[in-house]
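Enquirer: One structure, as structure tokens, below. Some questions next.
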Amino acid sequence: MRMRANGVSPRPVCLAALLTVLWVPAAGAGEISLTLDGGYHDLTNSSNSAKAVFGGTSGGPTAGLAAQYGLGESFFVRAGARYFQREGERAFVAAPATPVFRLGHPLTVRIIPAYALIGFRFLKGSSLRPYVGVGGGVTSYNEESDVAGEIFTSTAAKPSGQAVAGLDYGRGTIRFGGEVMYSLVPNTIGLAGVSRVYGEDDVGGLTAVVRLSYVH
Amino acid sequence: MKLISRLAVLAALAAGGAAFYHPLHASDSVRVASLRAPSEPVGTYRPDQVVVQFRTGADDRDVARVTREAGADHVRRGRSGGRYLMHLDAGFTVAEALDRLRGRPEVEYAEPNAIFRASQARRMTPDDRLFSAQWHLELIDAPRTWAIQTGDRSVVVAVLDTGIAYEDFGPYRKAPDFSTTVFVPGFDFINNDAHANDDNFHGTHVSSVIAEATNNGTGAAGLAYGTALMPVKVLDADGFGDTFSIAEGIDFAAANSSVKVINMSLGGGGNSTAISTAVTRAVGRGITVVAAAGNDNEGTISFPANLSNVIAVGAIDGRKQKAPYSNFGSALDVMAPGGDIRRDDTGPGLRPDGRPDGILQQTFDPKTAEETGRYDDFAYFFVVGTSQACPHVAALAALLYRQGITDPVAIQRSIESTAEDLGAPGRDDTFGHGLIRPPVALAGLGLNR
């Protein structure tokens with residue numbers, strides 16, 4: 001076999017680098033990842049109230065960031081936050097199961113959960129790894145509406161609980177995935193407004209997102 | 001049950017007789033107040049400006065040097081010495097400018113030029129000369145109401161009464177302060193013709209509560225002045241009507257798809273199947289029916305106000321006390337201003353203002369009509385009664401319909417749930433659910449606010 005003096009052929013080097021990026025086995029312990037996610041949050045736990053002000057749907061788009069650290073091959077801890085904002089209108093409803101009348105006064109709802117959780121990833125060694133996790137944090141709620149210049153606001157920051165189930169794909173530095181989160185944020189609303197009529201106080205619910213992670 | 005053949009009209013007379021006062025020309029000038037909402041978002045700051053306070057002793061050269069080094073394109077001196085507004089040169093951010101300013105010995109403080117929003121809700125104070133005497137509209141915060149909703153001609157209130165001075169026809173004349181009020185064709189069920197002219201005074205005064213032309217520099221104001229009216233004459237020149245005429249009038253109004261509210265400032269004892277079923281049909285067609293509670297100071301609400309699908313309206317005076325004549329009882333729903341002609345409590349600080357506490361609106365002088373047969377002697381009269389309270393609620397119902405609540409049950413619930421609770425906590429037989437609050441009803445509900 002002839003040896004090339006002072007170097008190695010560039011083509012195999014590029015191929016090896018590409019394989020490294022895509023197929024290097026997960027480092028396992030000490031693995032750090034940063035994730036961007038985006039999807040849909042549904043105020044499942046106060047759906048009647050949400051539909052009343054949002055005009056028939058109870059959710060909207062959401063986006064978030066998270067940092068995750070691997071504890072061994074399977075366990076992980078994660079800290080993250082999401083942002084949800086939806087526009088709607090003030091409404092009137094006399095009682096549950098009666099018609100809702102929207103009154104045209106603009107209303108904005110913002111929900112920002114910050115959470116930490118611990119999880120477990122299945123199928124060690126596989127490039128397709130389902131996982132589950134559970135944790136909690138604090139969720140911030142803000143509502144603002146404008147009636148001919150008079151501003152109505154409602155704000156709250158409440159403890160929340162989260163449970164997640166998802167799937168990650170990839171073994172290199174870039175991974176994709178999808179996740180469903182269920183959150184509980186009780187005692188946030190329900191003091192006034194349509195949520196009082198419906199007796200709903202929890203702004204949590206189901207969130208479905210796609211995830212893009214950078215793994216170090 | 002024995003049917004009542006004639007129903008006594010509650011012709012807005014306080015116990016002890018009528019009391020009319022000729023108009024008081026408003027000597028107060030009334031400003032039209034408007035508040036334009038700012039276009040910038042609140043809670044941010046102007047991206048190219050910094051407020052700088054220089055210490056005593058800093059002269060113009062110091063100011064010029066320090067601000068230039070901090071990125072100023074030009075500065076503006078404030079009136080109260082030492083404060084300057086820096087306009088930044090392109091490429092400099094507020095953060096960079098602040099970083100350069102803070103810590104300078106000449107600078108006491110520097111901060112972003114933040115944007116603030118006026119927290120006062122908008123109000124519309126009309127320029128009608130007699131508005132200042134309409135304590136009843138101020139009591140229910142009409143100026144705030146008008147900033148939210150003034151009504152629309154697509155929503156019609158049918159006024160079943162003695163007719164309205166809505167046209168020039170024969171001896172009848174259109175009331176002067178209906179100049180911009182829209183009328184839809186009505187009917188006269190007393191004389192059986194298409195001209196529902198008022199030959200009593202009552203219907204014109206009641207209608208003016210609802211839709212007297214407003215902000216036109218003259219006369220008085222009406223609560224739902226953008227709303228259209230349908231004159232339906234079911235009461236004669238003496239203010240009397242009967243079962244047949246009233247039931248016919250309700251059905252006539254309900255047949256017009258634009259009619260969303262029926263006002264009946266009338267009533268009496270007993271019951272009527274014809275009227276009850278006509279009301280039920282009207283409500284079934286999406287019409288809110290409002291009626292006066294009665295002026296006998298009795299513990300029973302008059303018919304048809306006592307029907308469960310009718311909003312029964314009692315009267316309060318300028319002190320938010322039950323008017324001495326107003327009926328009360330389990331069928332009472334809400335209260336509205338009806339006045340007390342023997343009191344004078346509606347000046348500033350609830351002190352006397354020299355005017356009787358009646359409901360001030362336009363109508364023609366019934367004495368002139370009675371003595372001369374002329375129906376053109378218009379003026380502005382203080383009149384009291386649950387007849388006057390009732391159209392305040394009818395007007396609110398029309399405003400709510402226009403705002404988006406298009407179901408009579410929901411309209412009633414909205415009015416009741418937002419009323420100011422008077423008397424014993426919760427609903428009671430003296431005040432019902434309380435005094436109507438139009439701006440609160442029109443604002444509706446947020447998610448949690």
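Condition check ((1) more than 9 Å from chain A (Cβ to nearest Cβ); (2) under 20 Å from B:Ser257 (Cβ atoms); (3) in contact with a helix residue (DSSP H, G or I) (Cβ under 6 Å, 6 or more places away or on another chain)) across all residues:
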{"residue": "B:Ala397", "(1), (2), (3)": "yes, yes, yes"}
{"residue": "B:Arg402", "(1), (2), (3)": "yes, yes, no"}
{"residue": "B:Asp407", "(1), (2), (3)": "no, yes, no"}
{"residue": "B:Gln412", "(1), (2), (3)": "no, no, no"}
{"residue": "B:Thr418", "(1), (2), (3)": "yes, no, yes"}
{"residue": "B:Pro425", "(1), (2), (3)": "yes, no, no"}
{"residue": "B:Thr430", "(1), (2), (3)": "yes, no, no"}
{"residue": "B:Gly434", "(1), (2), (3)": "yes, no, no"}
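Enquirer: Identify, by number, the condition in (1) surrounded by fewer than 22 Cβ atoms within 10 Å (Cβ to Cβ); (2) within 22 Å of A:Pro61 (Cβ to Cβ); (3) under 23 Å from the mean Cα position of the chain (by Cα) that A:Phe122 doesn't meet.
Expert: (2)
Enquirer: Any chance the stretch A:137-153 includes a residue that's within 18 Å of the chain's Cα centre (by Cα), away from every other protein chain (no Cβ under 14 Å) and surrounded by fewer than 18 Cβ atoms within 10 Å (Cβ to Cβ)?
Expert: yes
Enquirer: Also, I was wondering about something else. Taking the stretch B:342-381 only, how many residues are crowded, with 24+ Cβ neighbours inside 10 Å and not β-branched (Val, Ile, Thr)?
Expert: 9
Okay, residues lined up against (1) more than 9 Å from every other protein chain (Cβ to nearest Cβ); (2) farther than 26 Å from B:Gly446 by Cβ; (3) of a type in the set (D, E, K, R):
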{"site": "A:Ser160", "(1), (2), (3)": "yes, no, no"}
{"site": "A:Ile174", "(1), (2), (3)": "yes, yes, no"}
{"site": "A:Glu179", "(1), (2), (3)": "yes, yes, yes"}
{"site": "A:Ile189", "(1), (2), (3)": "no, no, no"}
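Enquirer: Here's another thing I want to ask about it. Does the stretch A:180-216 hold any residues that are in a loop (DSSP other than H, G, I, E, B) and under 16 Å from A:Val109 (Cβ atoms), and which are they?
Expert: Matches in the stretch A:180-216: A:Val185, A:Thr188, A:Ile189, A:Gly190, A:Leu191, A:Ala192, A:Glu200, A:Asp201, A:Asp202, A:Val203, A:Gly204, A:Gly205.
Enquirer: So, of the residues in the stretch B:44-90 that are part of a helix (DSSP H, G or I) and loosely packed, with under 12 Cβ neighbours inside 10 Å, which turns out to be modelled with the highest pLDDT?
Expert: Once the filter is applied, the top-ranked residue is B:Arg61.
Enquirer: From B:Gly314, B:Gly286, B:Gly270, which residue is surrounded by fewer than 18 Cβ atoms within 10 Å (Cβ to Cβ), modelled with pLDDT of 95 or more and of a type in the set (Gly, Ala, Ser)?
Expert: B:Gly286
Enquirer: Checking the conditions here, which among B:Thr406, B:Thr386, B:Thr372, B:Thr368 is farther than 25 Å from B:Ser208 by Cβ and hydroxyl-bearing (Ser, Thr, Tyr)?
Expert: B:Thr406
Enquirer: What are the pairs, 6+ residues apart or on separate chains, where a residue within the stretch A:111-135 that is closer than 15 Å to A:Arg171 by Cα has its Cβ under 8 Å from a residue that is among the hydroxyl-bearing types (Ser, Thr, Tyr)?
Expert: Pairs that qualify, where the first residue is closer than 15 Å to A:Arg171 by Cα and the partner is among the hydroxyl-bearing types (Ser, Thr, Tyr), are A:Arg121/A:Ser74; A:Arg121/A:Tyr131; A:Phe122/A:Ser74; A:Phe122/A:Tyr131; A:Lys124/A:Ser74; A:Ser127/A:Tyr169; A:Leu128/A:Tyr169; A:Arg129/A:Tyr169.
Enquirer: Right, here's the next one. Working only within the stretch B:133-189, note down all residues that are farther than 17 Å from B:Glu212 by Cβ, within 14 Å of chain A (Cβ to nearest Cβ) and outside any loop (DSSP other than H, G, I, E, B).
Expert: Passing the criteria: B:Arg144, B:Ala147, B:Ile148.
Enquirer: Quick one: in the stretch A:105-119, which of the residues that are under 21 Å from A:Thr153 (Cα atoms) and out of contact with any helix residue (DSSP H, G or I) (no Cβ under 7 Å at 6 or more places or on another chain) is surrounded by the most Cβ atoms within 10 Å (Cβ to Cβ)?
Expert: A:Pro113
Enquirer: Using the structure shown, decide if A:Gly170 is under 18 Å from A:Arg82 (Cβ atoms) and more than 8 Å from chain B (Cβ to nearest Cβ).
Expert: Against the criterion (under 18 Å from A:Arg82 (Cβ atoms) and more than 8 Å from chain B (Cβ to nearest Cβ)), A:Gly170 does not qualify.
Enquirer: For the condition surrounded by fewer than 23 Cβ atoms within 10 Å (Cβ to Cβ), among the aliphatic types (A, V, I, L, M) and in contact (Cβ under 8 Å) with a residue 40 or more places away in the chain, what is the one hit in B:Val209, B:Val182?
Expert: B:Val182
Enquirer: What do you reckon, is A:Ser127 within 14 Å of another protein chain (Cβ to nearest Cβ) and surrounded by fewer than 20 Cβ atoms within 10 Å (Cβ to Cβ)?
Expert: no
Enquirer: Going through the stretch A:75-92 one residue at a time, which ones are touching a Phe, Trp or Tyr at 6+ places or on another chain (Cβ under 7 Å) and either within 14 Å of chain B (Cβ to nearest Cβ) or farther than 27 Å from A:Val209 by Cβ (or both)?
Expert: Scanning the stretch A:75-92 gives A:Arg86, A:Gly88, A:Ala91, A:Phe92.
Enquirer: Further question: So, in the stretch B:210-236, how many residues would count as being of a type outside the set (Lys, Arg) and closer than 18 Å to B:Ala194 by Cβ?
Expert: Total meeting the criteria: 8.
The values are calculated or read from the model by the stated rules, or taken from the named source; none is laboratory data. Bear in mind that the values here come from a model prediction, so they are computed numbers and not experimental data. Every residue, glycine as well, gets a Cβ built from its backbone with ideal geometry; the counts of neighbours run over all protein chains shown.
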